[in-house]
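Q: Dumping the structure here so I can ask a few things about it.
The values are calculated or read from the model by the stated rules, or taken from the named source; none is laboratory data. All values derive from a computational prediction rather than experimental measurement. Positions of Cβ are generated from backbone atoms using ideal geometry, with glycine treated the same way; all protein chains shown enter the neighbour counts. Surface accessibility is based on the protein's heavy atoms, side chains included, excluding ligands, DNA and RNA. Shrake-Rupley method; radii C 1.70, N 1.55, O 1.52, S 1.80 Å.
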Amino acid sequence: MMRGLLKLYSSRHSCKRLPRALFSVTRASFSSSASSLHTVLNVLSSPNCDGTTTANIGARHPWSLIQHRGVKVNAIHLRPGNVIEKSGRIYQVVEVEHRQRGRGGAMMQIELRDVDSGTKQNSRFGTEESVERVFVQEKSFACLYTEDQMAYLMDPINFEQLEVPLELFGKAAAYLKEDLKVKLQLYDDRPLSGSVPKQVACSIKETLANMKGTTVTPRYVKAVLDNGLTVQVPPYLQIGEKIIINTEDDTFVSR
């Protein structure tokens, strides 16, 4: 961990001479990991070679020490849910659209949400334009229940409960149910988006014949699931049967 933090620090600051305190940290033998991290944070907030001071971004949340170390990616590689830094502010990518501007070349139309204020804006980037993507933390939770457009989750390690809006899961919110394992993407301990497993078990609540007045057995029929979604399933399936659904495109996988 120490070597990783020192490497991050040295890549952030390109000066040839590092502070003497930094070398002292590498030689010190720490009594505990907590005291080690505390010492490193103090060093990273000390004056830089050019006389400026690095903000102590890890004071509140050590994870922020890593989150603020992003990577440069081309705008064409951005996807909904990604977090980027732009003009000194942190934004989450909401929607991405690839557009062709005739002879002017292609561009990316991206809807961004300001993580701090919640306001949205539309920005345009060239497909090869460099954008700084910020890493976020991903944590697993167990869904307890949903109510009034909110999802109530529990951390399986410390059993702390968390309340988040259903909109964080998008259309996948329909699959939320008791004991389902989900993941949250967090920035500075704030939930930005949520995701459900790629495959989820559901029960058939009702089947709807989509070919009336014919004796030909259809390949698929419409079925209403216990979560209210309507999907296409093989006609031999019965009401009450459990099936596996692909949550990314709402398609039948297997019984």
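Q: Which residues, taken from the stretch 222-255, are within 18 Å of LYS198 (Cα to Cα) and basic (Lys, Arg)?
A: LYS242, ARG255
Q: Would you point out which residue out of ASP250, ASP189, ASP179 is within 26 Å of PHE141 (Cβ to Cβ) and surrounded by 13 or more Cβ atoms within 10 Å (Cβ to Cβ)?
A: Criteria check complete, one pass: ASP250.
Q: What are the residues in the stretch 134-171 that are closer than 30 Å to GLN100 by Cβ and crowded, with 17+ Cβ neighbours inside 10 Å, if any?
A: Within the stretch 134-171, just VAL134 meets the criteria.
Q: Moving on to the next point. Considering only residues that are under 24 Å from LYS171 (Cβ atoms) and part of a loop (DSSP other than H, G, I, E, B), look in the stretch 74-108 and name the one that is least open to solvent (accessible area, probe 1.4 Å).
A: LEU78
Q: Also: Filter the stretch 226-247 down to residues that are in a strand (DSSP E or B) and either open to solvent by 50 Å² or more (accessible area, probe 1.4 Å) or touching a residue at least 24 places away in the same chain (Cβ under 8 Å) (or both), then give me how many there are.
A: Result for the stretch 226-247: 8.
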